[in-house]
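The values are calculated or read from the model by the stated rules, or taken from the named source; none is laboratory data. Remember, it's a predicted structure, so these values are computed and weren't measured experimentally. Here the Cβ is made from the backbone with ideal geometry for all residues, glycine too, and neighbour counts use every protein chain on show. Side chains are part of the model used for accessible areas, which takes the heavy atoms of the whole protein and leaves out ligands, DNA and RNA. Shrake-Rupley method; radii C 1.70, N 1.55, O 1.52, S 1.80 Å.
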Amino acid sequence: MRILMDGSDADVFRNLNDYLPLDGVTTNPSILAKGKGTAEEQVLQIANLLDKQQTLHVQVVSTKYEQMVEEAKRIIEAVSRNVFIKIPVSPDGLKAVRSLKGESINTTVTGVYTTMQAVMAAKAGAAYVAPYINRIDLTHSDSEIVINQIVQAYQTYGFSTKVLAASFKNTRQVIGVMEAGVEEVTLSTDILKNLIHHKETEMSIEAFTEDFTSRFENRNEMFLK
Ligand code: G3P
């Protein structure tokens, strides 16, 4: 399973990437609007930190077909050919996805709330679809049902489109999409930290140190010279 950071802060990514094996970054216009510096600076700073295996998904801000396609090409030119262009699922968006697919430009269809949106995105040629897990749950729908239906439909009909699940509010939702067999998730920094954090673990670590130092003359490391 690939795990990406949903954010745009290069320093935060650098710190998390030091200890969490991250597979890339996703941004969107709302994330960039909250970040420091211009949108372009944020995207380029993050892009410069990524290695060849790490992917970057950058969203167009335009909502009309022609502008979406032009904006996608400007992003590719400024960042790299390997970037995935995020395009919201809308009539203009799907038209842009089909057109970009024709030029071998990879797209990630985002803002997905339903199974059929995901199926239509796959038929349009999206490389990824990004279902919004928590936001689906907030609409009184059940994200686990939706995500299972998407995974099942892609398997049944042999779509190569991958699922990049987004919009999580807790690790339980992450486990839910893992159980469904989702290939990738993108997580906020808080949830990324929570993937390994457990209060009991911290207490266990403290107890190990305390037990050892109280028995062995205040040493908290072994084989010291
Ligand atoms: O990548 C999509 C994401 O940013 C939306 O997440 O937390 O605003 O629902 P959220």
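Summary of computed values
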| read-out | value |
| --- | --- |
| Helix axis angle, 39-49 relative to the chain longest principal axis, alpha carbon, degrees | 60 |
| Nitroxide proxy distance, nm - points 7 Å out along Cα→Cβ at residue 199 and residue 142 | 3.1 |
| Inter-centroid distance (Cα atoms) of segment 48-76 relative to segment 106-140, Å | 17 |
| Accessible-area composition of segment 2-195, carbon plus sulfur, in percent [1.4 Å probe] | 50 |
| In degrees, nearest ten, helix 65-78 long axis to first principal axis of the chain (Cα) | 40 |
| Solvent-accessible area per residue for segment 2-195 (1.4 angstrom probe, square angstrom) | 50 |
| Given charges at beta-carbon only (K, R positive; D, E negative), |dipole| of segment 8-117 in Debye | 300 |
| Electrostatic dipole magnitude of segment 93-169 [Cβ: Lys, Arg +1; Asp, Glu -1; Cα centre; debye, to 20] | 260 |
| Chain lengthening between residue 103 and residue 39 when straightened (0.36 nm per residue, less Cα-Cα) | 20.5 nm |
| 0 to 90° range, to nearest 10: angle between helix 171-180 axis and the chain longest Cα axis | 60 |
| Within segment 2-195: Cβ-based charge dipole about Cα centre, in debye rounded to nearest 20 (Lys, Arg +1; Asp, Glu -1) | 300 |
| Selection from 122, 182, 7, by position along the positive dipole direction of the chain (Cβ) | 122 |
| Accessible area (Å², 1.4 Å probe, nearest 10) - residue 196 | 110 |
| Sites residue 80 and residue 160 - FRET efficiency at Förster radius 22 Å, r taken between beta-carbons, to 0.05 | 0.55 |
| Computed E for residue 19/residue 175 - FRET, C-beta separation, R0 22 angstrom, nearest 0.05 | 0.60 |
